[in-house]
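Below is one structure, written out as structure tokens; comments come after it.
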Amino acid sequence: MTQLNLEHWWQPFTNVRAFRDNPRLFSRAEGCFLYTDDGRDVLDITAGLWCANLGHGRQEVADAVSRQLMTLDFAPPFQFGHEVSFRFAEQLAKLAPEGLNRVFFTNSGSESVDTAIKIAYQYQRARGKASKTRFIARERGYHGINMGGTSLQGLPNNRKGFPVYDQVDFLPDLLDIERNAFSRGLPEHGTDRMEAAFNKLVAQRGAENICAVIVEPCVGAGGMVPPPQGYLQRLRELCDQHDILLIFDEVVTGFGRTGAPFAAQSMGVTPDLITCAKAINGGTVPMGGVFVREAIQQVIFDAAPAGGPELFHGNTYAGNPVSSAAGLAALEIYQREALLTRAAGPIGQYWEDALHGLRDLDCLIDIRNFGLLGAITFAADSRFPAGPAVPVHNQCFKNGLLCRGVGDTLVMSPPLTISEQEIDLFIERLRRSIGEVIG
Ligand code: PMP
């Protein structure tokens, strides 16, 4: 094999110069495993990047993509359409919380977030509330990398140094290890703090100037932090009280991750818009979408001048036939194998017990879980001032385990197909890696 040149692909969120010295390359994937180019198996406990919810290498999805490429590989979505995406949108609308039965397709989570922001903004103008231009997001939130999402995100490294929309305020971080350490599922404390901060912001900015609140129902990339009990219900009530839209960013939590099609349903709270992507077609072909309440679409339609697009927004590949065909095939598998609710059943309990079984490790200051999401947070010490999560993550990879290191935390989101034996293997490889790093 000729030597691989690593210089030309500028990889995202990567220390590229270090990567060139120590490249980590995968060449194949099947089920819950990825395989490195030197043939080692790596248990994929992150479902790729929170996306391969069906596990890897699904023949039916591959066949659907291949068939679609040869039948209709592309059709322009502006002023034209095709059957595949209308059928996919109809199926998706049946999965979504009641009322959110309109889908605007995108190609990624970032595009879904920026689309949701623009729809929310247009909606307020369309109903004569043009002063509602401000947004509320949350510290530690991640909403992708486009300019809207960059402006709304609560991870300082991803904002600093970039131009951002400045009409944004942040609710406090959900993570409260002092009060909530080692909670199983939704922790107890924190709703009070959100409510106080929300009321303060409304008093300071004026509800008549606030367009929407955006939150991940369960923080993902910022360290996997489930909301405290009652948090999302209270947020919904506060938004209703002040006539503010509520957007759930379900790019991570959508498609079965928390034991229902969407976290909105597992938490029993219905927002006004939901963003999604990643697992929409099993993480196979780039695609995302925004679910919108029918009533919101109607207001925008009613206000739009006749003859032109109701929304001057959209992408070339929005709702493209190939991604949609992958989505239809993926949905069939999700439904046939009952994967969208699997995390709420015995496997979710097994996952929770397995994770909390790590509690004997003195180096951990917190363990969190919700649905098939998990996180462990390490204590910092003089050897690891920022915590050992990144060295542990690197050791995990050497020991055949893919999880993610975020700051002082390792986060996990296995394929929804994971077996009890694979969970046992995960714990075994994780314990070994922690032991080798920390001693
Ligand atoms: N929102 C959330 C909650 C996410 O976790 C992500 C990606 N991890 C995004 C948006 C952005 O999605 P993408 O990387 O597909 O643009």
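Dipole size in debye (nearest 20) for region 283-439 around its Cα centre, Lys and Arg Cβ +1, Asp and Glu Cβ -1?
Dipole magnitude for region 283-439 comes out near 300 debye.
Based solely on its DSSP helices, what 222 nm [θ] is calculated for the chain when runs of n ≥ 4 H residues each add -39,500 (n - 2.57) and the sum is averaged over all residues, nearest 500 deg cm²/dmol?
-11000 deg cm²/dmol
Which order do peptides 359-368, 96-105, 74-83 fall in by mean Cβ count within 10 Å, highest first?
Listed from highest to lowest mean packing, they are 96-105, 359-368, 74-83.
For region 78-106 and region 272-316, what is the centre-to-centre distance using only Cα atoms, to the nearest Å?
Using only Cα atoms, the two centres lie 9 Å from each other.
Direction-averaged shadow area of the convex hull around the Cα atoms of region 305-407, nm²?
Its average projected convex-hull area is 12.3 nm².
Can you classify region 20-110 as rounded, prolate or oblate using the Cα gyration tensor, where a ≥ b ≥ c are the square roots of its eigenvalues, rounded means a/c under 1.5, and otherwise it's prolate if a/b beats b/c and oblate if not?
prolate
Multiplying the sequence separation of E420 and F182 by 0.36 nm and subtracting their Cα-Cα distance, what value in nm do you get?
83.5 nm
For the chain, what is the relative contact order in percent, using Cα pairs closer than 8 Å and at least 6 residues apart in sequence?
22
For the chain, with the dipole built from +1 on Lys and Arg beta-carbon atoms and -1 on Asp and Glu ones, taken about the Cα centre, which of N15, W351, C32 lies farthest toward the positive end?
Positive-most Cα among the choices belongs to N15.
Extending each Cα 7 Å along its Cβ direction at D37 and D381, get the distance between those two points in nm, one decimal.
Placing both labels 7 Å along Cα→Cβ, they lie 3.7 nm apart.
Specify whether the C-alpha gyration tensor of region 136-289 places it in the rounded, prolate or oblate class, a ≥ b ≥ c being the square roots of the eigenvalues: rounded for a/c under 1.5, otherwise prolate if a/b is larger than b/c and oblate if not.
In terms of gyration-tensor shape, rounded.
Amide H neighbours of V406 under 5 Å, counting only residues 5+ apart in sequence or on other chains, H built in-plane at 1.01 Å?
V411
Which of rounded, prolate or oblate describes the chain when judged by the alpha-carbon gyration tensor and an a/c cut-off of 1.5?
oblate
Tell me which DSSP H helices of the chain clear both cut-offs, 30 Å or more of axial length from alpha-carbon atoms and a mean Kyte-Doolittle hydropathy of at least 1.6.
Sorted by number, there is nothing, because no helix extends far enough and scores high enough.
If each residue's Cβ is checked for other Cβ atoms within 10 Å, how do L54, L201, L175, L72 rank with the fewest at the top?
Taking fewest neighbouring Cβ atoms as first place, the list is L72, L201, L175, L54.
Excluding residues on the same chain fewer than 8 positions from K118, give the lysines whose Cα lies under 19 Å from its Cα.
The reachable lysines, counting only those whose Cα sits under 19 Å from K118, are K129, K132.
Here, each number is a calculation from the coordinates, and none is a lab measurement. The structure presented is a predicted model; accordingly, all values stated were derived computationally and were not measured. Cβ atoms come from the backbone with ideal geometry, glycine included; neighbour counts cover every protein chain shown.
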